[in-house]
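A.B. asks: Questions regarding the structure given below will be posed in turn.
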Amino acid sequence: MDFNSPKLIADELMTLIEHSDHIVAFTGAGISTESGIPDFRSPKGLWAQMEPIMFDDFISSEETRLEDWRRRFIQNEEFSKSVPNEGHKALVRLQKRGKLSCTITQNIDGLHQRSGLPTDRIIEIHGNGTFATCLDCHAVMTLVEAEHHIKAHGTSPTCPHCGGLVKTAIINFGQAMPEEEMRQAMHQAGDCDLFIVLGSSLVVYPAAGLPQIAKQHGARLVIINRDPTPLDELADISIQHEIGDIMQYIA
């Protein structure tokens, strides 16, 4: 196998796909960077340049809430300029063929939805940064509404329904992982026959444990990531390559 040939890599992956009936994709920051979204956790990323905001600090401090909103608006500007790439589009093709059961994502940019994947086939284990929710009643607020409130009143937004604090619908540092989404993700990982990792470094737990669950239950494991991961030796196919270069050939 010539691992410098995206087409040959894709052919081997397609062989696994054709012999699989219940595929789960697991995506990380690497698939989004190919759409122009910065990896905010990278050494030069936004979170490396400033202290991360902890969930408890968001709850307790109005100054911290306003700083969190400032960062999220910057982040959302990056999201709005991006478009789904070949990696995203390949997953849509697999879903339409009935091969892809679901996509579990660590990303918060909403690109999977924009690519055409049905919302009910996406499990967002780190939340979504393209809208906000009330921390008490879970009512949805758009980021435009949140920004208008801050500009008009100089204070962080609160829920018009119950008065609770409103925050972008992501999981902050120190915030508990969403129980239902993690339950669904673990179930899907344990029930699939092929688990495809696209662009995750597989170092952030508990999410990084999902490929291990898949392997423990007999699934084949494919990892495509620009850099090596701690689980490469566990994989049936492990490739350090650009995702789009390979996935463009996946029909």
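The values are calculated or read from the model by the stated rules, or taken from the named source; none is laboratory data. Here the structure is a predicted model, which is why all the values come from computation and not from measurement. Ideal geometry is used to build each Cβ from the backbone, glycine not excepted, and the neighbour counts take in all protein chains shown.
A.B. asks: I'd like the full set of residues that are in a loop (DSSP other than H, G, I, E, B) and either surrounded by fewer than 20 Cβ atoms within 10 Å (Cβ to Cβ) or small (Gly, Ala, Ser) (or both), limited to region 97-119.
C.D. replies: Arg97, Gly98, Lys99, Gly110, Gly116, Pro118
A.B. asks: Which ones in region 187-208 are surrounded by fewer than 17 Cβ atoms within 10 Å (Cβ to Cβ) and farther than 26 Å from Asp56 by Cα?
C.D. replies: His187, Gly190, Asp191
Yes/no per residue for (1) among the acidic types (Asp, Glu); (2) touching a Pro at 6+ places or on another chain (Cβ under 8 Å):
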{"site": "Ile59", "(1), (2)": "no, no"}
{"site": "Thr64", "(1), (2)": "no, no"}
{"site": "Ser80", "(1), (2)": "no, no"}
{"site": "His88", "(1), (2)": "no, no"}
{"site": "Leu100", "(1), (2)": "no, no"}
{"site": "Phe131", "(1), (2)": "no, no"}
{"site": "Cys137", "(1), (2)": "no, no"}
{"site": "Met141", "(1), (2)": "no, yes"}
{"site": "Glu147", "(1), (2)": "yes, no"}
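A.B. asks: Would you mind stating whether Ala90 is small (Gly, Ala, Ser), assigned to a helix (DSSP H, G or I) and at pLDDT below 95?
C.D. replies: Spelling it out, it is not the case that Ala90 is small (Gly, Ala, Ser), assigned to a helix (DSSP H, G or I) and at pLDDT below 95.
A.B. asks: Evaluate the following for Trp47: is it modelled with pLDDT under 95, outside the structural domain of Leu117 (by TED's automatic domain parsing), part of a helix (DSSP H, G or I) and not small (Gly, Ala, Ser)?
C.D. replies: yes
A.B. asks: Taking region 166-183 as the search range and keeping residues that are part of a helix (DSSP H, G or I) and either over 15 Å from the mean Cα position of the chain (by Cα) or not assigned by TED's automatic domain parsing to the domain that holds Ile213 (or both), which one is surrounded by the most Cβ atoms within 10 Å (Cβ to Cβ)?
C.D. replies: By that ranking, first place goes to Arg183.
A.B. asks: Taking region 236-250 on its own, how many of its residues are surrounded by 21 or more Cβ atoms within 10 Å (Cβ to Cβ) and more than 13 Å from Ser5 (Cα to Cα)?
C.D. replies: 0
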